[in-house]
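Worksheet: the structure to be examined is printed underneath.
Here, each number is a calculation from the coordinates, and none is a lab measurement. As the structure is a prediction and not an experimental result, all values here were calculated from the model. Here the Cβ positions follow ideal geometry from the backbone for every residue, glycine too, while neighbour counts run over all protein chains shown.
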Amino acid sequence: MTRKKYSKEFKQDAIALVKEQGYSQAEASRNLGINPNMLGRWIKEAENDDGYAFRGNGKLTPEQLELRNLREENKRLKMERDILKKATVFFAKETK
C-alpha cells in the first residue's frame, strides 16, 4: 500500500477551511476525503513550524542546515586532529 501525497497548497487550503472558514476538523476532513487525525496533524505542524511547515522531502530548515554543516565541520576537524597526532608521533621517533 502506497501513501498518498498531498501538495503544500492542498494542506494549506485544508487548514484554511478550519481556521478561516469555521469548519470543524471532522467536517472539513470528511469533505476533503482525508483522515481527521491527519488534518489535525497538519494544523499542529503549521502552527509550530513558523513558516517552514510542509517543506517537502529533503528541504531543511535553517537550523537543520546549520546543524548538518557543523557536524560535517566537526568530523573534518577530528580527522585533521588525528592526522596531526600521528604526525607528531612519527616526527618524535625520527628525532631520537
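Quick notes
- From the coordinates shown, P(r) over Cα pairs in 5 Å bins from 0, in percent corresponds to which of [x] 2, 9, 9, 8, 7, 6, 7, 7, 7, 9, 11, 12, 7, 1; [y] 3, 14, 18, 19, 16, 11, 8, 5, 3, 2, 1, 0; [z] 2, 11, 15, 14, 10, 8, 7, 5, 5, 5, 4, 4, 4, 3, 2, 1, 0: [z]
- Distance violations [Cα-Cα > 27 Å] among 4/59; 5/59; 5/44; 11/59; 5/75: 5/75
- Residue order, fewest to most surrounding Cβ atoms within 10 angstrom, among 34, 83, 15: 83, 34, 15
- Its Cα centre serving as origin, the chain has a Cβ charge dipole (Lys and Arg +1, Asp and Glu -1) of approximately 740 debye.
- Each stretch of four or more DSSP H residues adds -39500 (n - 2.57); spread over every residue of the chain, this sum gives -23500 deg cm²/dmol at 222 nm.
- The aspartates and glutamates whose alpha-carbon is closer than 18 Å to the alpha-carbon of residue 86, local same-chain residues fewer than 8 away aside, are 94.
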